[in-house]
């Protein structure tokens, strides 16, 4: 039994190479698609790419400032 990819079919695992393609070609294609994706949380993704730290901590308020909208109420209910 295979597991479904998370988040509605999105997966960060590259597809297998097709004839005449190298694994590097597939990886570059996957990176390009991720860079083009502009979802609701893309501003946070973009911000994190500018951070030159191995670890970073944000408050919910700081994340909301980066995103430009209020996080869902469930964010504050459940532990990560």
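The values are calculated or read from the model by the stated rules, or taken from the named source; none is laboratory data. Remember, it's a predicted structure, so these values are computed and weren't measured experimentally. Here Cβ is always computed from backbone atoms with ideal geometry, including for glycine, and neighbour counts include all displayed protein chains.
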* Asked: Among all residue pairs at least 6 apart or on different chains, which show Cβ distances below 7 Å where the first residue, located in the stretch 45-63, is in contact (Cβ under 8 Å) with a residue 12 or more places away in the chain and the second is in a helix (DSSP H, G or I)?
  -> 47/66; 60/75; 60/76; 63/44
* To do: Starting from residues that are surrounded by 11 or more Cβ atoms within 10 Å (Cβ to Cβ) and closer than 28 Å to residue 50 by Cβ, keep the ones in the stretch 13-30 and report whichever is modelled with the lowest pLDDT.
  => 14
